[in-house]
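What follows is a single structure, written as structure tokens, with notes after it.
The values are calculated or read from the model by the stated rules, or taken from the named source; none is laboratory data. Owing to the predicted nature of the structure, the values given are computational and were not obtained by experimental measurement. FYI the Cβ positions are ideal-geometry reconstructions off the backbone, even for glycines, and counts take in every protein chain you see.
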Amino acid sequence: MKRGTYRAEIMAVIAALFALAGPARASGSAYASGASVFAANCAVCHQSGGQGVQGVYPRLAETIGRWVKLPAGRAYLVHVVAFGMTGAIVSQGETYNGFMQPWTQLSDAQIADVLNYILTGLNAQILPASFRPYTAAEVKRLRAPSESFDQVRAERATIVKAPGPSAMLPSAARAH
Ligand code: HEC
């Protein structure tokens, strides 16, 4: 086989691989992307079903979904992933005093996808019906300017308390 032909064949194979990769990536849903970001980066601590490890890594399943109703809660979830958090928090009556790194290496789209996955996939029972998925543009806006660990923790303290326990329940369960 002549060298030129060989090279042409390699180029054809590479082109075919790119052609395959294009549609495959495009058809992969944002949900699947969020699931893979979660599996690769978060499940090691928060566990694959988001159940956490009692007293060590807080539970994300059927817990954080109640906060997205509040604009401050929506912002907090982006902030805690983008900027990390450390210091004592109480989740489900249990104190956690750990450290979560800022996920600076995740893109705006990856943070949107992973939060949408945790919320729609792992918080389905408590997610308000009005929930609108995060977009990369929203994450980008909420990611600037940067916050300290203490600021993120202070935000959490505020949304846990305000504006009252009834607002923390999913709309269907709320007494009117
Ligand atoms: C090395 C372990 C570890 C990894 C990996 C990790 N986290 Fe965390 N995460 C924690 C700890 C510990 C806390 C609580 C921090 C504290 O005590 O202040 C936390 C807190 C959180 C919270 C806030 C929970 C609440 O009740 O307010 C969210 C949301 C969260 N993590 C999402 C993620 C996402 C998304 C990923 C993957 C991109 C991830 N975490 C990866 C350890 C981890």
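Observations
- Unmet requirement for Trp103, which otherwise passes all of (1) near the ligand (Cβ under 10 Å from one of its atoms); (2) surrounded by fewer than 20 Cβ atoms within 10 Å (Cβ to Cβ); (3) over 23 Å from Asp150 (Cβ atoms): (3)
- Residue match in region 147-158 (condition: in a loop (DSSP other than H, G, I, E, B), modelled with pLDDT of 95 or more and under 18 Å from Leu115 (Cβ atoms)): yes
Residues checked against (1) at pLDDT 95 or above; (2) surrounded by 15 or more Cβ atoms within 10 Å (Cβ to Cβ); (3) part of a helix (DSSP H, G or I):
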{"residue": "Arg59", "(1), (2), (3)": "yes, yes, no"}
{"residue": "Glu62", "(1), (2), (3)": "yes, yes, no"}
{"residue": "Arg66", "(1), (2), (3)": "no, yes, yes"}
{"residue": "Lys69", "(1), (2), (3)": "no, yes, no"}
{"residue": "Gly73", "(1), (2), (3)": "yes, yes, yes"}
{"residue": "Val78", "(1), (2), (3)": "yes, yes, yes"}
{"residue": "Ala88", "(1), (2), (3)": "yes, no, no"}
{"residue": "Asn97", "(1), (2), (3)": "yes, no, no"}
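- Scanning region 118-140 for residues that are outside any loop (DSSP other than H, G, I, E, B) and either under 22 Å from Gln54 (Cα atoms) or basic (Lys, Arg) (or both) returns Ile118, Leu119, Gly121, Leu122, Lys140.
- Failed item in (1) at positive phi; (2) surrounded by fewer than 16 Cβ atoms within 10 Å (Cβ to Cβ), with Ala32 passing the rest: (1)
- In region 91-100, the qualifying residues are those that are among the hydroxyl-bearing types (Ser, Thr, Tyr) and touching a strand residue (DSSP E or B) at 6+ places or on another chain (Cβ under 8 Å), and the one that is farthest from the ligand (Cβ to nearest atom) is Thr95.
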